[in-house]
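Report on one structure; see the data block that follows.
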Amino acid sequence: MSETGMHSLMIVPVHARGSVLGMAAFMRTQDPRPFEEDDLLLAEELVGRAALSLDNARQYARERSAALALQRHLLPHRVTGEPAADVAWRYLPADSHHGVGGDWFDVIPLSGARTALVVGDVLGHGINAAATMGQLRTAVRTLADMDLPPEDLLAHLDEQVVRLAEKDVDQGDPAAATIGATCLYAVYDPATGQCTMARAGHPPPAIIDPHGQVTFPELPVGPPLGLGLAPFESVTLELPGNSVLALYTDGLIESRDQDIDAGMDRLAAALAHPGLDLEDLCSRVVDALPAQAPIDDATLLLARTRSLGPSRTVSWEFAADPAVVGHARALTTRQLTRWQLEHLADSTELIVSELITNAIRHGSGPVRLRLIRHRFLTCEVYDTSCSSPRLHHPRTTDVNGRGLFLVAQLSRKWGTRHTPDGKLIWAEQQLTPRCIDP
C-alpha cells in the first residue's frame, strides 16, 4: 500500500437479486482522511445501483441470446423448392437495442409438384415473438398439408392467432395477449406456370421477369392476422419460367430516415439483375441496405421459377361413363412406357382405375386425368363433385370400400384438393420400384 500511496481501502460486494457479481474497491491516496461510516453507506448505495444496472444488462443479453438461438432453431435450415423453383434466403436480426423479432419464412412442397412460399412477421420483439413465430410456422405447415387455397389458409391462420391471444388473456398475461402478425402465402404450380397469392397486412411481393423488369403486383392487402377480420382474397398470376419471385418482411424496406416507397425503390434496383445466381442476388439486396444498424429484423426469400413443360405432364378428359375406365388405363400405360416407367404400370393402372371409377360413381360431369412426372409420379383425377372421399379400412367380410385403401397402399402419399368448380384426388408414387412385403 505504501508503494501506491494508498492509505485507506474500502471493499464493497457487487450483488443484485441474490447473486454476487463481483467486488468494488475504493481507495484514498491524496486525501489524508480515512474512510468513515458515511463513506461506506454512500459506496454501498452507488454499488447497489450499479449492480442492478449490470444485472439488467446481463439478463437482457442472456434473453436476447436465447431468443436469437430460438429464432434460428425454429427457422428452416435447409429449404428446397424443387421441382417448382430454386430458392435462396437471408435472415438479418435487428440490432441489440431492439431485440430479436418474429420474422419467419418457409418453403413447403405440395401435391402436384407445386411449392408454397411463405413469409411472415410477428408483432414485437424478444423471446415471446420468437416463440409465437414458431407456433405460426407450424400452423402454416399443417394447413398447407390440407391443400387449402391461400385465402382459406390465411383465414384459418387468423383464427389461430386469435385463439393464441385469448389463451394468454385467460392465463392472466396481458403483456403477451396482444398478438399480431402479417403474412404472405404464395403457391406456384410449375405445370401451369400460375402463382396464386394472398396476403394479410404484408408488403407485396416483387416479381422479376426474365428480362430484369421488376414489378410489385397489386394484391388485396387483407387485415393483419389476429384481428378476426377475415375473409382474405387471392390473386392468380402467370409467371413465365425463369422468373424470380421475391418475398420479404418490412424490415428490408423500412429504415429510420427513409419511407417505405424509397425502400421499395431500393429493393427493386437491387433485384433488377436476373442473370445473377440467387445467392448473389440475395447478397446484393443485403449490401444495398442502409449502413446503420437495423431497427427491425429482415427476411428475404427468393424463388426462381421452373416449368415442367409438356414433356413431363399429360392430361385427358373422359365422359362420366364406366366404359372409359379401360381406355384410361391403356392411355396411362402407353404414357408410362414413353417415360420409361414401365415398372409402375401395374400400380398406376390400379390407382387410375379406382380413382376414375369413384369419380364417375360419386360425381357428375366430365372426369379429367392428369399424370405429372417430377421427383415422383403424380396421378390426379378431377371431377365436379365437392364431396371429399374418406378412407375406409375394410374388414375381411366387406365386399366394397377397398378402393381408396388400395390407392393408399400403392401410393407414397394421397389426398384431396378442392378447386373452384370441383375437386381432384391425387396420389404420388416413387419413381423407383417399391418393395412391398408379402
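The values are calculated or read from the model by the stated rules, or taken from the named source; none is laboratory data. Since the model is a prediction, treat every value here as computed from it, not as a measurement. Positions of Cβ are generated from backbone atoms using ideal geometry, with glycine treated the same way; all protein chains shown enter the neighbour counts. We work out accessible area using only protein heavy atoms, side chains counted, and drop any ligands, DNA or RNA first. Shrake-Rupley method; radii C 1.70, N 1.55, O 1.52, S 1.80 Å.
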| query | in contact with a Lys or Arg (Cβ under 8 Å, 6 or more places away or on another chain), of a type in the set (D, E, K, R), modelled with pLDDT of 90 or more and closer than 30 Å to LEU424 by Cα: does that describe ASP145? | reply | no
| query | Within the range 380-438, restricting attention to residues that are more than 20 Å from ALA320 (Cβ to Cβ), among the small types (Gly, Ala, Ser) and in a loop (DSSP other than H, G, I, E, B), which residue is modelled with the highest pLDDT? | reply | SER411
| Taking the range 115-148 as the search range and keeping residues that are open to solvent by 40 Å² or more (accessible area, probe 1.4 Å) and under 15 Å from ALA200 (Cα atoms), which one is nearest to the chain's Cα centre (by Cα)? | ARG137
| field | Every pair of residues 6+ apart whose Cβ atoms lie under 9 Å, when the first sits in the range 303-332 and is under 15 Å from LEU350 (Cα atoms) while the second is surrounded by fewer than 19 Cβ atoms within 10 Å (Cβ to Cβ) and of a type in the set (Val, Ile, Thr) | value | PRO322/THR357; VAL325/THR357; LEU331/VAL314
| Which one of the conditions (1) in a loop (DSSP other than H, G, I, E, B); (2) modelled with pLDDT of 95 or more; (3) among the hydrophobic types (A, V, I, L, M, F, W, C) does PHE232 fail to meet, given that it meets all the rest? | (2)
| Does ILE253 qualify as being farther than 28 Å from ARG78 by Cα and either among the acidic types (Asp, Glu) or out of contact with any Cys (no Cβ under 9 Å at 6 or more places or on another chain) (or both)? | no
| said: For HIS343, only one of the following conditions fails: (1) touching a residue at least 40 places away in the same chain (Cβ under 8 Å); (2) under 31 Å from the mean Cα position of the chain (by Cα). What is its number? | reply: (2)
| note | Among residues of the range 185-200 being touching a Leu at 6+ places or on another chain (Cβ under 7 Å) and assigned to a loop (DSSP other than H, G, I, E, B), the residue surrounded by the most Cβ atoms within 10 Å (Cβ to Cβ) is PRO190
| request: Being farther than 25 Å from ALA116 by Cα and either in a helix (DSSP H, G or I) or open to solvent by less than 10 Å² (accessible area, probe 1.4 Å) (or both) narrows it down to one of ARG284, ARG266, so name that one. | output: ARG266
| Members of the range 99-154 found to be β-branched (Val, Ile, Thr) and in a helix (DSSP H, G or I), listed by number | ILE127, THR132, THR138, VAL140, THR142
| note | Residue pairs qualifying under the 6 Å Cβ cut-off, at least six apart or on distinct chains, with the first in the range 249-271 being under 17 Å from ILE207 (Cα atoms) and the second being part of a helix (DSSP H, G or I) and open to solvent by 20 Å² or more (accessible area, probe 1.4 Å), are ILE253/ILE260; ILE253/MET264; ALA270/ARG284
| request: Answer yes or no as to whether ILE356 is open to solvent by less than 30 Å² (accessible area, probe 1.4 Å), part of a helix (DSSP H, G or I) and either at pLDDT 90 or above or on the phi < 0 side of the Ramachandran plot (or both). | output: yes
| remark: Sole miss for PRO220 among (1) open to solvent by 20 Å² or more (accessible area, probe 1.4 Å); (2) part of a loop (DSSP other than H, G, I, E, B); (3) in contact (Cβ under 8 Å) with a residue 60 or more places away in the chain is condition (3)
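Conditions (1) under 30 Å from ALA113 (Cβ atoms); (2) modelled with pLDDT under 75; (3) open to solvent by 60 Å² or more (accessible area, probe 1.4 Å); (4) part of a helix (DSSP H, G or I), marked per residue:
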site: MET23; (1), (2), (3), (4): no, no, yes, no
site: GLN30; (1), (2), (3), (4): no, no, yes, no
site: PRO34; (1), (2), (3), (4): no, no, yes, no
site: LEU41; (1), (2), (3), (4): no, no, yes, yes
site: ALA50; (1), (2), (3), (4): no, no, no, yes
site: ALA61; (1), (2), (3), (4): no, yes, no, yes
site: HIS73; (1), (2), (3), (4): yes, yes, yes, yes
site: TRP89; (1), (2), (3), (4): yes, no, yes, no
site: ASP95; (1), (2), (3), (4): no, yes, no, no
| remark: Exception for ASP209 within (1) open to solvent by 10 Å² or more (accessible area, probe 1.4 Å); (2) within 21 Å of the chain's Cα centre (by Cα); (3) at pLDDT 90 or above falls at (2)
